[in-house]
Each structure stands twice: as C-alpha cells, then as structure tokens.
Amino acid sequence: MANQSNYIKLALPKGRLLPDTANLLDGVGLGFEGYSEQTRQYRLKSAKPPYLSAKIFWEKDIPIQVSIGNYDLGICGLDWIEELLVRYKASAVVKLSTLNYGEGYIYAAISYESEIKNLDGLLGRQGNWRIVSEYPDLAEAFALNIRMRRFRIFPVWGDAGGYPPENAEIAVLWARNEEELERKGLLPLMKLLPARATVIASRESLDNKDLASVLNRFAPMLDNREFSLSFEEVSSKEGFVGSLPRPELKKVKLALPDGHQQPPTAKFLERVGLNLSHYSGEVLDYHPSVDLDWLGVKVIRPQDMPLQVANGNFDLAITGKDWLLDHVYRFPSSPVVELLDLGFGKVKIVAAVSQEMPASTMEDVRQLLQKGKLPTLRVASEYVNIGDKYLCDHHISPYKLIPTWGASEAFLPEDADLLIDNMQTGKTMAEHNLKIIDVLCESTACLIGNKESINSPDKKEEIDFIIQMMRGGLS
Amino acid sequence: MESQRCKGMRDLLPDDMGKFRYIEDTFRNCCTKWGYREVRTPSLEYLRLFTATGTLTPSRLSKAYSFLDWDGWSGERVVLRPDGTIPIARLYLENLSFPARFFYVTDIFAFEQTGKENRERWQCGVEFLGGASPMADVELLLLAHELLHSLGISGVQLRLSHAGLAKALVKELGLSPRDEARMLGRILDGDWQAWKEAKSNNLELDKFLVSLVNFKGKLSDFLKKVKLPAEGTSPELESNLSNFIDILRLLDDLKCDYQIDIAAIHGFEYYTGICLQLFSRGEKIGGGGRYDELLSLMGSKSMPACGFAIYVDPVIKMLSLKEDERSESGVLLRGDEKKSRVVEACFSLAQSLRSAGRIVELDFAGESVADYRWVVSVSGEESFVIIDQKSGEKWEVRTLPQVVGILGVD
C-alpha cells in the first residue's frame, strides 16, 4: 500500500500549452514518451521515476480532474482554473505557482463596429447586454465586477470572437494580445487575467501524499508569482477604424455546422441546390455567401446552435438531434423546434463501461451501487443534460457527472465508471476496451428553427422555402 | 451516519422552532402595533433585480446563489433571495404607490465558503417606504429597541453611522468615478485599510476625516471633537452631517441609548442616510438604515425609505427556552393498545382535555419522552393513575370527572 500512496498522477494539457509543457517536463527530467502534438495516446508512463504517470486532457478538464482528486497535480492555463474557482470557490484545488510560459490574456471585448469605445461608454448606456463566452463563469464575474446592470450570458463551445456584433455585444475570450483582437475586429475593454500556465495540486493529495519528489524538480521553473483575476481596464484607443467587413444583416439567418458534421452537410446542401461558396473544400469561410439574397449564413459549432436559435440569433440551423435533445432537457420551455430530420450523420448515443466492470445492463450498475461495490458512479459525458436525465430515470444514486469536451472514452476506467457519448461504428469503444450496456437513442442531423421566426409573417415565406428545398433532398 | 443535509444548511429542531416562533410572534405583535403590515416575497427572483440598481458590491453578488432555471434558455439567471430589502422595494413598486409600512420574516441566501456557517439566514425585517428623515429614522430605531426589549435580549448596543456622510466624504477625495466606486466597495465590504488610505489634497479635510472615522461616542462629545473644515467642503457633506446630527439630537431628547461609529458601514450598500447596527454580547443581531435612492434606481419616482432587520439565527442562540405549554400543563396519556375499551377511553379523555385547551399526546406504545406536566395512565375503563411530574404527587382514581378535577380543567 505504501507504494500505492506514493504513486503520483499528473494531468497534462493538450493544445496550446502542450509543446512548452513537454519541454518543461523534459528539462526537469520528468519527460513522458509520447507527450507530443501528434500523439493519439491518452495515458503516459514515465520511464523515470517509475512511480509517476500522466494522462492528457483538454485544458478545461484539468482543474476539475485535479479538484475531484483523480489527479494529484496538473498543468493548465490560469484561465481554466479561475473559470472553475470563480463559481466553485470551495473547489479542492490549490494553485501552486505559475510557470514562465503560456501567452495571452482573457479579454472582455466589444466589436469595433460598436459606438462604445471603452468601459465607461459601456456602463453609461442602458442595455441588456449579450455576453458570449467559452468561459461563462468568468464572463459573469466580469459583468458583476463592472456592476453591469443587466446582462445575459451565452456559453459557447466555439470561438466567441465570431459572435459580435450581430449575435452578441460582448465576447469574453482568450487572445494572444490586443493586436490579435483588433485583427478579429474586436476592441478590448478589460483584461481579466493572464492565461499563464499554472501548476495546480489536489488539496487532498497535498495534505495526504508526499509530492516533494516531483515538486522539487519543478522548483527552479516556478516563478512563485500568484496571478488571479485582476480585471484590468484597457485604455481606449482613439481613431481605430474597424478593418473587417461585416456581413450585412439578412432577413433569414441560417447556422451551419463546422467539424465532423460539415462535410455531410455541405454534400446535402449541394444536393438540394443551395449554392454556398467556401463552405466545403480546403478553406472554410465562417461567413459563406449564398445565392439567395435574403439568406445570411454563418458557420458555428453544432453544440452551440440550439441556444443560439432559441435566442433568435439564428432563425434556422442544421445540427444533430443529440444537441437539440441536450438543450431541450435543460430548457423545456425553449422556443426551438425540430423542423426536418435530414437523415444523415447517424450516430447512436450509448452508455458504456469498461470490459472489466461486472455489469452488462444499467440494472447491474444500479445493483453495484446498491450493494456498495461502487461508492459513487462517476459518469463522463459531453451530454450533461441527456446524461443527467438518463441517470435519474434509471434511479442511479449517488452519481457524479463529469462534463467532458469530447473523447469521454479516455476517462474510463480510472477517472470515470460510465460514459455517455455518441458512437458511429463502435471502433473507438472496442479500442478502449469498453462495452456498451445501453443505447439511449439515435441521432441524425436535423433542421431546427425558432418558433417565433417560423410564425413571423415577415419571414414565414422564406423559411417555408428553405424547408421545402431541404425536404426535396431527403432520400 | 454521514449527513445527507446540504453543506451550509441547517435543520431547526422543535426547541429551535419554539424559539423561532417566539421571536416571530413577538416581532409580529410589535410591528402590528406600530401600524406595519406583513408581506412575503418569493424565494426566487431574477438576478437582474439585484444588479439593476448597481447598489450591491461585486463581492456580495458573487456570493449569490445564481443559476439558470428551466426557463434559462434566454440567459436570464435567477437567484435565491440574496437580500431582504430589494424584493420588498420591487413588491412595493409593482403594487402600491402611497407610503407603506411593511414587515416580513424571510430567509436570505449567501454562499459562505467554508460551509461551516449558515448559508441560509433568517431575518425579521421592517421597511418604511415613503418615510422621510429624520422622523422615520427615529421611529425605526425606537421600534428596534422595543422589539429587542420585548424579546428579553439584554445588553443591546446600538451603533450608528451615516452612509450619506461616508459617501460624501469619499467624493471629496477627488477620485475618478471607477476608483471612487472601488473605494466605496472596499469600505462597504468592511475593508478598514480603505479608510486609512483615504487622503484628499486638503489637510483640514483629512483631519476631519480621521477624527470622524475614529470617533466613538455620543453627540455631545461628537460636536466637541469632530469639526467640519470652515471652508472648501461640499454642501452635500454639510447637509448629510446636519441630518446625522438632527437624528442624534432627537434620540438624545427621547433618551435612546446609542454609540456613534462612522466607520462601521460594512454591508450597507444601497444606504444613503443613517445606518444602524445592533449588537448584543459582541454579536451583531441586526442592522438597517435609510435608502432614499433605491426606488428611483429601480425606475420609480424618487421616494424616501428606510428599514432594518433583526437576524434570527444569533438571537435564537441568546434566548433560553422558556417553560412551554407542554411542561406547564400538557398531558401525556398512556394506555394499553390491546384493550379496546382502554383505547376508546383514552381517545375520549384526550378529546375532552383538548377542547378544554390542553395539549394531549397519546402514547400507546409507551415510548414517548415524558416532558409533560401530567402523565395519566389508563389501565382499564375505570382505573386511572395520574402523576404530576412537577410536584411528584400521584393519584389513583376511577372516573373521568375525577381525572378532569385533578388536572384542574374547567
């Protein structure tokens, strides 16, 4: 058991911070083979020392994983740590020190098109501000800090910078510097915090484990500066004129998906005769033009669509039924409706467990909990609301839902007991030694719409036209 | 067994509830006599109700239990009531237009990090909407006094400050609007250092500030020690100071005890005039003040208003449980459940005792804890044993009228 308690687990980031983190670890003699941008592995073993292991996560998963005690130590951007701490102040995660890398800041920014040029200008106006962000809790903290009188926050999975000015007034987002924001047509109002790489530890591990062997190696790299939310006002620049041409406002607004759903959607739209430029092929234009002069098209993440359609930023969108369902479970009164099942992009939403788990149905899982063989069911899922409802419907108690940002399969078996995720062929499940114990539903691409838009005399004719056009393409 | 209760939440057991109801009843009686009427607002409100006036500090708002409910697709967050006064002001604006005196008993939610202190706190509050200074201020101070006296809370200390005076002082420092807001935020969050850092470029004013902030005592002393600079101060500062003095003078005339403590305006975010804090045995048991701008910030025409609240949780701890009705005259009635005649006799005896106003608990299983004055055991249709637990006396009687006679029921 002594060995077990000395075993140290690290959560390491993918993406932006990966190259510097890999260099840092190599430099202090804690290198992990396979920790590179090309890796398809999640679990990493260290050659020396042997008591160390690591797993690769999306940055935003790391503070959560460390605070629930799945990992002793983690490295990720300060932005994601503060996103957790600003709402869950009592999280069991301790910031040990920032590291000397990790560029950029979290900014609150407004479109250059706006008449508002600084914070005082913003506060001097009455408005029900729409704030869009990948960091909804930092966004709320920002609004409260500047004593914004009325605001609404729209969490998004994709790039928040694409939303202002037409779909939100303010974006809270990461950018390398103010110049990068300018290139996106955004004017910074406030710098919330630096997105520095930071070493964090689980409070429980700090109290009960000897982490010195690892922390000592880091010591020379730690700058022992503690950064936190600082809400620094950005001085306004005079005379800057927006450089990005913004698409003119069209009568009917349609959102199309990027990512996996983009190629089949492009193919489908081509078949029904909607001619879009730059929606398929090498270069994806986030504002593809279309040969209907009343139709405005924008490309966003399918996860974000139901909420965006509900709020009237778009009248129509092509997304997956999975995301529509996840939205409707969370917000039953949402004015989003499914208009057409487009049939393509079929996936199954499944519940799966590790092959090693002695369970082949949800009833077996429930029994394991009831008999105390599992203290709590840890469930990893991208679909938080579908997952929640499913677990309640199956009288599972107690459970902990761990939100993931894709690749839930990597959480099993050590960091979660069950996953609820989509599956196309079952290949990934097999590769990760998982077995499916239930199919929750099937999901295909669908056209969704805003109830109000559909019934608006102003848009009805055009929306009917689109629906008819798409119906013509159904096989 | 591991507790299933939510962190930071509290159960109120019968003894707690006994005290709670005593406080509530005393409070209701007092307020009703002063012409106040009871209202109740919902537990859930929109977050924007509390951000709209810009009066709550960011640190206070960050402790609000805010979330998206099932209607939250529009991004509209709701909160569990984080403050007592703002919902009452909303209720007033939506329903009434003439001066109104309200009271309420309500719970306030604030996220306290450790989970060791209560996150749900009860308070008994009073709001006088349309009540102008200084008369309404004095009315509230006297009402608070009377209430705590009726509750039997001893050693009550009333500390008085003036938010209008403090705000006017900060204004004199010549800060930018955002720095001024930040400074006020720190002061309201109870950051003492903020007062120390406060410096203007007027030496006389700085001297006044130091003497004012550090002063503790009565009006007579205050007038001697705290002197407004002869020139260079704003009319706002002067009028707030004279309002404060007016109120204190009235309190002196009415022989109401108080202590001036200007720096103690922690948590009084929307206040514009007098601020009161009530202490007993070193613990804060209530607070309130004047908030003349709140209603106009909420979109109504400007209207004077003031209020205060007594914090139920610390007051409960200060009360000793009085002898209650159970131990004074209550009856525990015991009988053998297997004998149908006995059961019948028990129910009918209980019925007649209850209609005579007694508390009667039936105990067929013999498991009840006997904290009643009387224990009556029924062993047969015509066999009753009565014990007076207060005196230790015991009777054995054969008829119901005899039982009733011994219990002293008319």
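Of the residues B:Arg354, B:Arg358, B:Arg290, only one is in the same structural domain as B:Thr26 (by TED's automatic domain parsing) and either under 38 Å from the mean Cα position of the chain (by Cα) or modelled with pLDDT of 90 or more (or both); which?
None of the others qualify; the one that does is B:Arg290.
With the condition kept exactly as written, say whether any residue in segment B:23-33 is surrounded by 19 or more Cβ atoms within 10 Å (Cβ to Cβ), in a loop (DSSP other than H, G, I, E, B), of a type in the set (Phe, Trp, Tyr) and more than 10 Å from chain A (Cβ to nearest Cβ).
Looking for residues that are surrounded by 19 or more Cβ atoms within 10 Å (Cβ to Cβ), in a loop (DSSP other than H, G, I, E, B), of a type in the set (Phe, Trp, Tyr) and more than 10 Å from chain A (Cβ to nearest Cβ), one finds none in segment B:23-33, hence no.
Residue check, A:Ile106 against (1) more than 20 Å from the chain's Cα centre (by Cα); (2) away from chain B (no Cβ under 14 Å), all met but one. Which one?
Result: A:Ile106 passes all but (1).
Within segment B:71-81, restricting attention to residues that are within 12 Å of chain A (Cβ to nearest Cβ) and in a loop (DSSP other than H, G, I, E, B), which residue is nearest to the chain's Cα centre (by Cα)?
B:Arg77
Take A:Ile110 and tell me if it is in the same structural domain as A:Arg183 (by TED's automatic domain parsing), buried (at least 18 other Cβ atoms within 10 Å of the Cβ) and either touching a Gly at 6+ places or on another chain (Cβ under 7 Å) or not in a strand (DSSP E or B) (or both).
So A:Ile110 does not fit the description; no.
Inside segment B:142-184, can you point out the residues that are in contact with a Cys (Cβ under 6 Å, 6 or more places away or on another chain) and among the hydrophobic types (A, V, I, L, M, F, W, C)?
B:Leu147, B:Ala163
Which residues, counting only those in segment A:349-396, are assigned to a strand (DSSP E or B) and free of Cβ contacts under 8 Å to residues at least 60 places away in the same chain?
Within segment A:349-396, A:Leu377, A:Arg378, A:Val379, A:Ala380, A:Ser381 meet the criteria.
Quick one: how many residues across segment A:138-148 are surrounded by 19 or more Cβ atoms within 10 Å (Cβ to Cβ) and either part of a loop (DSSP other than H, G, I, E, B) or more than 7 Å from chain B (Cβ to nearest Cβ) (or both)?
7
Scan segment A:162-171 and tell me whether some residue there is within 14 Å of chain B (Cβ to nearest Cβ), over 30 Å from B:Gly299 (Cα atoms) and touching a residue at least 24 places away in the same chain (Cβ under 8 Å).
Checking segment A:162-171: at least one residue is within 14 Å of chain B (Cβ to nearest Cβ), over 30 Å from B:Gly299 (Cα atoms) and touching a residue at least 24 places away in the same chain (Cβ under 8 Å).
Going by the conditions given, is B:Gly130 on the phi > 0 side of the Ramachandran plot and out of contact with any Gly (no Cβ under 9 Å at 6 or more places or on another chain)?
When the stated conditions are applied, B:Gly130 passes them.
Which numbered condition in (1) within 18 Å of A:Ser228 (Cβ to Cβ); (2) without any contact (Cβ under 8 Å) to a residue 40 or more places away in the chain is the only one that A:Leu99 fails?
Of (1) within 18 Å of A:Ser228 (Cβ to Cβ); (2) without any contact (Cβ under 8 Å) to a residue 40 or more places away in the chain, only one is false for A:Leu99: (2).
Conditions tested, residue by residue: (1) in contact with a strand residue (DSSP E or B) (Cβ under 9 Å, 6 or more places away or on another chain); (2) at pLDDT 85 or above; (3) under 23 Å from B:Cys306 (Cβ atoms); (4) surrounded by 14 or more Cβ atoms within 10 Å (Cβ to Cβ).
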residue	(1), (2), (3), (4)
B:Ser154	yes, yes, no, no
B:Leu173	no, yes, no, yes
B:Lys196	no, no, no, no
B:Lys207	no, yes, no, no
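Applying the selection to segment A:82-99, what residues are farther than 18 Å from A:Asp207 by Cβ, within 22 Å of the chain's Cα centre (by Cα) and either modelled with pLDDT of 90 or more or more than 14 Å from chain B (Cβ to nearest Cβ) (or both)?
Listed by number, the residues that qualify are A:Glu82, A:Glu83, A:Leu84, A:Leu85, A:Val86.
Would you mention how many residues in segment A:255-288 are part of a helix (DSSP H, G or I), of a type in the set (D, E, K, R) and within 27 Å of the chain's Cα centre (by Cα)?
Matching residues across segment A:255-288 total 1.
In the list B:Leu49, B:Leu93, B:Leu68, B:Leu61, which residue meets the criterion of being of a type in the set (A, V, I, L, M), within 14 Å of chain A (Cβ to nearest Cβ) and touching a residue at least 24 places away in the same chain (Cβ under 8 Å)?
B:Leu49
Looking for something within 24 Å of A:Pro457 (Cβ to Cβ), touching a residue at least 24 places away in the same chain (Cβ under 8 Å) and within 14 Å of another protein chain (Cβ to nearest Cβ) - is there at least one such residue anywhere in segment A:300-309?
yes
Name the single residue that is nearest to B:Ala263 (Cα to Cα) among those in segment B:194-208 being hydrophobic (A, V, I, L, M, F, W, C) and in a helix (DSSP H, G or I).
B:Trp195
The values are calculated or read from the model by the stated rules, or taken from the named source; none is laboratory data. All figures in this text were calculated on a predicted structure; none of them were measured in a lab. Methodologically, a virtual Cβ is constructed for each residue, glycine included, from the backbone with ideal geometry; neighbour enumeration extends over all protein chains shown.
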